[in-house]
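Worksheet: the structure to be examined is printed underneath.
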Amino acid sequence: MKKVLTLITAATITAAFVACGPSKAEIEAKEKAKADSTRVADSLAGVEKMKAEAEKRAQDSIAAAAEKMKTDSIAKADSLAKAKGGKKK
């Protein structure tokens, strides 16, 4: 009798553990969510890379504009000095 009760108890506990586990649909949903989050992380990394490239282009453009302003300013000073007949210091 004790063996029968022990077997029934063991079967009940085993059935409870199996019933409490995630279903196939829950497992698939969890895997899909993980894949989605990985895809989003990859997209964010791509956006960050594009942002860094855009900032670099903007800095290069600003540096080029500053250099052009400098050369234009020097040329203007030279032309004004030449127009006044004086020498540039």
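The values are calculated or read from the model by the stated rules, or taken from the named source; none is laboratory data. What you see is a predicted model; the values in this text were computed from it and never measured. Cβ sites come from the backbone with ideal geometry, for glycine too, and all protein chains shown count toward neighbours.
Might you check whether a residue that is modelled with pLDDT under 90 and among the basic types (Lys, Arg) occurs anywhere in the stretch 53-62? Let's see the steps before the verdict.
So the first thing to find is which residues in the stretch 53-62 are modelled with pLDDT under 90, and the list is none.
No, the stretch 53-62 has no match at all.
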How many of the residues making up the stretch 1-58 are over 24 Å from the mean Cα position of the chain (by Cα) and in a helix (DSSP H, G or I)? 25
Consider the stretch 17-34. How many of its residues are loosely packed, with under 10 Cβ neighbours inside 10 Å and either touching a Ser or Thr at 6+ places or on another chain (Cβ under 8 Å) or of a type in the set (A, V, I, L, M, F, W, C) (or both)? 5
